[in-house]
Structures are given as structure tokens and as C-alpha cells.
1. What FRET efficiency comes out for A:T166 versus B:A445 if R0 is 60 angstrom and r is the Cβ-Cβ distance? Round to the nearest 0.05.
2. Leaving out ligands, DNA and RNA but keeping every protein chain, what accessible area does B:F110 have, in Å² rounded to the nearest 10, with a 1.4 Å probe?
3. Could you look at region A:195-239 and say what percent of its accessible area is carbon and sulfur, using a 1.4 Å probe and all protein chains?
4. Quick check on my link table: of A:K118/A:K259; B:K200/B:K446; B:K41/B:K226; B:K46/B:K154; B:K73/B:K161, which ones sit more than 24 Å apart, alpha carbon to alpha carbon?
5. I'd like the residues of region B:101-141 whose 1.4 Å-probe accessible area shrinks by no less than 20 Å² going from the isolated chain to the full set of protein chains.
6. Over the Cα atoms of region B:261-393, compute the convex hull volume and normalise it per residue, giving Å³.
7. Enter the accessible area of A:R237 (Å², nearest 10), with the probe set to 1.4 Å and all protein chains included.
8. With a ≥ b ≥ c taken as the square roots of the eigenvalues of the C-alpha gyration tensor of region A:50-102, please select rounded if a/c is under 1.5 and otherwise prolate if a/b is larger than b/c or oblate if it is not?
Amino acid sequence: MEYFATELLTLLFAALRSATPVLAVVLGEAMTQRSGVINLGVEGQMLLGAMTGFAVASVTGDPWLGVMAACFAGIALSMVHAILVLGCGANQIASGVAVLILGGGLSAYYGTPFVGDKIDTLGNLNHTFVSDIPLLGQFLGPITPTVLITLLAIPAISIFLFRTRTGLRWRSTGESQDITRNLGHNPVHYQLAAIAFGGLMSGFAGAALAVDYTANWVEGMTAGRGLVAVGLVIVARWNPWYALPAALLFGASEALNLKLQSWGVNISPYLLATLPYMIPLSVLMLSYRGLRASGGGMPAGLSVVFQSAR
Amino acid sequence: MNIQLYNITKRFGDVTANDGISLDIRAGEVVALLGENGAGKSTLMKMLFGLYPPDGGAILINDRETTIESPQKAMSLGIGMVFQQFNLVPALSVLDNLLLAYPKSPFWTFRRLFRTSPRKAVLTYLQELAPGLAPDTLVRDLSVGQRQLLELVKVLNLDAKVLILDEPTSVLPPQEAERLWGLIRKLAEAGRSVVLITHKMQDVMACAHRVVVMRAGRMVQTIDRKQCTESSLVSLMMGDSNQRSAIEVTPREAFANRPPRISIRDLHARHGAQSVENIRLDIAPGEILGVAGVSGNGQHLLADALVGLTPLARGEVIIDGYLLQSASRPPSTSGRVSYIPEQPAVNAVAADLSLTTNVALSHFRHLSFFPAWAPEEQLTRNIIQRYQVRPDNPALAAGQLSGGNLQKLVVGRELEGDKDLIVAAYPTMGLDAGAAHDIYQALFAKANEGAAVLWISEDLDDLMSYAHRIAVLQGGRISGIFDPRECDRLDIGRAMTGEPQPARTQRPPEQKPADPRVRAAS
């Protein structure tokens, strides 16, 4: 029994750590979509963030500088999407895919010299007061700063979105740009901020992955996490609080995959590695049926993205 | 606050929408701007609200000439306007919608703060006008009347001294319209001015102090309401168009005992959150069955299910003894059924194709592999001529025509040829009176030829004048079927909102033994 509880808690906290990059992207993309813009480029922004963060950490030796550089890299690449979509009126899907590929290419090209470098990590809660907490100490110990920051972002985003004037206008932009404009607010301002925030969060997610979680840089290391996050936004119903269970779903299936491999389950590791993508997809499909009638909390302005093929 | 509009002129291309109009708006007064669709009432008020600049003339506010270049400027001057199309976000709560429009809204929007602190001011007018409405309710759960109240509250929150209401009663069931009239009178007593844009006599008679009659962009006359009668106003409003030929409708007795042409039996259908349930209707050949109801109560779905655009969940539709639609098979369209959907410009034409192609599309099943275009073009020319579609070139892409002209084209196309069932959803919405008249004439002529007509409309007056029976849809069900000769507007209004009928109408017309078909429908 005790063994089982320990295993379960280990799995849960492992899930939390591996879910953190995805959670950050889900939060950022949910905010972007709340303003009526879809950004499929988060995967590319994440890669660029991971590469930049790792490179800066490697060159300067300060991982925190790396995290900040990653955030800026994410914002910078997201501005390409902003210029294409808000400035040129380009199709959001096409623009997002362009950003995705651009981010992948840039990070692969500039990241080559850093492959195999060693960097200092951000550390974790081991050997702080947390380790002295009875029972839970051993599980809380491996928690790293990016996990804490991402978790704290949930209430912060939620208060901003649902309890402030700016958040209200942000949401109304996502529901209807026309109405927002008629009420005297400029929807473009909110969409620009939303795209930038999505860039910040995906850049940060890249750093959480490369600088903190793996302390390593490999080309294409996000392995589709950014795109999975776009799907998880639907599971999370564009709500920051639901983003946590949605991202944990991914993290838990990834942790489970590693666990199963370490137990020596007789399934090809390649098949097992699809678990983190299969499980959220199935949940998405299952929840979609129930969500369709109510719209699932989708910002009404988003449907415009799919209607117009300009 | 006194507003004077002096010699205002506005042109759109070659059309003069307003021609030298002068008008005073005084504090504490309700001015009714009366005129048919397209008379230029809304244009005039949109200039006062800063949406268009006038091409000539001046606006004087408290005797000082003022340029109103934007709605923001108008609002800062104390002029507020409630449009026919509401500017509300359905997914947000009542309070959120009020805050979005509030001039100096506070940064923190915690709900609790608005019950106690000075921030309560946001809700003052809401509590005054709609005491029962909880600020946390989502706007999508509100009725049309409540939404309109909310719009009014938004405008009052801007501290508006002059309120412009654009056709406020067109979407309301009659009893809510009465409540609104009371509210308008109260606002005027409190010293505000109200401008009521309307084409309905009831609005004018109920609450206006002064009536300004407009026709074809000109001001015909300004009269004190006490000095005018409904009939004098009608002739002022219509002018020479009074001489239009009357719309002929066959009296109901002509087909009272004929078997029904269309039988709708126990129809259920569902699409998204919308549903219609338990629809049972019989329509005789030549009968015009009106469908009334507050919009969004299943009218759209009923029409789609009848013509075969939405599968039935249960029930069947029988046309002259043949099964047209049934739940047991996929829906299909038929050449014997025509459909004039709402917003035909969006729903019934392919914008990139020519008018001729669009007309030909309605009978594409009968076109040969290499279509002969000459007869199609001739047909299109006939429609264009009969319904005065402008511009009158059949080779133009449909997207180059205005919505009203496309509407006329679609009506003409759908009424072409022999039809057994015509489903018309708001066929005259937004058209000027002349065009509406032509459409009614053509539609009802088809009924005379023996088609069964299901006519969805939100204009209760038109329904009462032309329909043989009026079925009311409420919440996807038929809440009553009325004979327009034996009921009044309030009976229908109660059915529209689902209120019980008072004892007086305990014996509704559908229980008359003389008409067995109607009984089946109750």
C-alpha cells in the first residue's frame, strides 16, 4: 500500500515537471485565442526559445539570463505572426504554420554549435526548507523554479482575465471584434498584446524544457509539445484553471511512458512514446461530443478564423 | 438640452437620403420620426450620432453649431443611440456588458464590489429599469426585450440626455412594447428627450408628443400628436404610393373544406442548441399560414427541416399524399418546394457567380450537361424587370448587388414556375415599402394559384392583415394557432412569450368545429 502511494505520488510529481512546458504554452495560447487569434506557431516559438535560452545560458553561464532571453525570443518570433495577421490580414492558420517552420529552421541552424554543451541548471527545492517537510518533502524536492512560476501564472492570469477591466475587454475582443470596436476599444491592441503574451509563454516554455527540465539542446526537442498544447487549449475550454489538468494529462502520459519502459513492458518504445499524444487526443475527441452543443466555451470570434479563407 | 438640425442633406452616390431636413429636439419631449423603410429616418439620426458626416446643413446644440465627427463625440455631448442590432456580447454577463460600455469603468471588476461600494452606480439604472434582472446572468440567456433594456441601460449609463431609439419595438412581442412605451414616457417626464425612429402607428400613438413624418428623404410634415389620427398619418407617410394596387388575398372560405396540401406530422428536429418539437400543421392549397414568434424560437430550423436542409429527428412532411421528408431517410430538396431563406444575400446566392447562373442554380437538376444559357438569361431578365433589381445586368456577379436587390432576385427566382409549397422567411425584411409590396403581391398570387405558403415574419401587422392563420412558435413548439380575424395582438403576444391566455380566450378559434384541419394542429 505504502509502496503504491509512493509510486503514485512520484508519478504525479514527475507528471507535473514534464507537464510544465506544455502548461505554459496552453496558458499562453488560451490567452491568445481569448482575443480571437489562433497561433499555430507556438511550437516554433518554443523551439526558438529553447535554443536561445540554452545558448545564452551556455555562453553567459547564468541560466536565469537564458530564461529571460528565451522569453524575448518567443515574443520576437510571435511578432512575425502579429505582423502577418494583424498588419497584413493574412490567414491565421497559414501564418501560424509559417512561424512554426521558421522557428524550427532558425533554432536548428543557430543551435548546432551548442549541441552537447553543459549548462548550470536553475536548481530545485532540494536542500531548502521543503526537504524538511515530513512525507511530502521527498516529492516536493525535485520541483524546479519554472514549475513554480508556471503554477503561479494560473491564478495571476485568471485574476487578470476575469477580474480586471483590461481582461474584460480582452475577452470581449475574442467574442466579437465588431462589438468591441463599436464600444470604442481598439481590438488590434488587445490582439497584439495577446499574441505577444502567447510568444512570451511559449518562449518561457522552451526555456523550461531546455534550460531546466532536460538541461540539454537537441534539434526539434519540443517534439510536438507546442502543437499538442494547441489541442489541449480546447480540452481546457480556454480557462486557465482547466489548463492544469489538461496539461497534467500530457505530463502523466509521458511519465507513464517512461515508467512503463523502466518496468520493461514488452511494447516497442516507439509505440509507447506515442502515448503522450494519443491520450490527450482521445480525451479531446471524447470531450468534443459533449462540448459541441454549448460551443465548449470557445470565444465566438475564433470561428471567424475558420470561416474566412482570405 | 436643445438640438436643432438645420437643413441637413445627405447623399449616397446618386441617392439623396436626406434632403434639406430641419428638426428641433427639445428636452422632455418624445419625437417620433415616422416613415417607411428607406425614408431616411435612420440616416438622419446616424448623422446626429456621428456615424456619417452630413453633406450640407448644420447641427446646433444649445444654439451653438457643433460638428459631431464620431459616436464618441456624440456620447460625450450626451447623445446616445440604441440600434436595431444590439452591441452586446452574448457570452458575457449583464454586468460585464455594462462595464464594457461604461465611460470610466473601474480597473478591478470583482463582482462583489459592485453590490456595496460606490461602484454600485454602474447598476443603478439596471435596478431601476429591470429590478428582477440579476447582473450575473449571461446575455445569451436573456430575451430580446431584456437585451433591449440592457442596451437602454448602457446608453443611460453614459448620462445621455438625448436617446435615439431605432425601431425599438420591431423585435418585441406586443406586451413588451407596451412596457417600453411606458418607459419612454417616464424618461421624457424626467427631462430627457427621446427620438423614436419607427414605421409603426402604435408607437406614435402610444408615446410620442410630436410626429415628424418623412417620405423618400424629405420631411413631409411635423404635427402635434394630439392633432393627428392614424389614418391621416398613414396617408402622409405613404403619399402617392397610396395608389398602389391592393394586395389580394383569397378569402379563407374558398378552401376551407379542401384537403390539406401539406401535412406536417409530429415533426422534431435539432440543430446545435436549437430544436423544434412536436410540430403538427396542415396547410391547404392556397392557404397562407403565418408563423410568428420572437426570433430564435425555432423559425429557422422549422423552415430548414421543411425544405430538406436539416434532417428530421422524428415525424414526416407529406405533400399531396407523397412523403416529402421523413425521419427515416436523409433529407432531400425538391423542385416542388421553394425556399426564401432569411438573409438571402448570404444564404441563397453564390456571390462570385453571375445573376443568370444564380437563377439557373435553382433548377440545376433539369439543366442539360451543356446548359442552354439563352432561356436562363431571358428568365433572369424577366425577374429583374418584374422586381426591379438594380443594376439590371444579368451578367454581373451577384456579389456586386446590394443585399436588398439580391433579396428581390431570390424572391423572383423562388416564385418562378409551379410550386406546391413556398417557405418564405422574412421575405421583405429591410426592403422599402414599394419593394415589399411587390413581393407580397407575387407571393400571395402564388397562393392564389394553389401553392401552400408558410410565411415566417416578425411584422405582426403584416401577418394580421394577410395571413389566413397565424401559428406562434415559442421555445421550438407551437404555442398557439390564431385566426387573425378573431384575435388581437396581445393574444399573439402572450403566445410568443409563453404566458397563459386569460380566461376570455379559453375557447380559442382552433376549437371551432367548422375547421377540422386546425384542430389537428392544436
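The values are calculated or read from the model by the stated rules, or taken from the named source; none is laboratory data. Keep in mind that this is a model prediction, so the values were computed, not measured. Positions of Cβ are generated from backbone atoms using ideal geometry, with glycine treated the same way; all protein chains shown enter the neighbour counts. Keep in mind that these areas ignore ligands, DNA and RNA; they rest on the heavy atoms of the full protein, side chains included. Shrake-Rupley method; radii C 1.70, N 1.55, O 1.52, S 1.80 Å.
1. Once rounded, the FRET efficiency stands at 0.55.
2. Number for this one is 70 Å².
3. 59
4. Violating the 24 Å Cα-Cα cut-off are A:K118/A:K259; B:K200/B:K446.
5. Output list: B:S105, B:F107, B:W108, B:T109, B:F110, B:R111.
6. 156
7. Roll a 1.4 Å probe over it and A:R237 shows about 110 Å².
8. prolate
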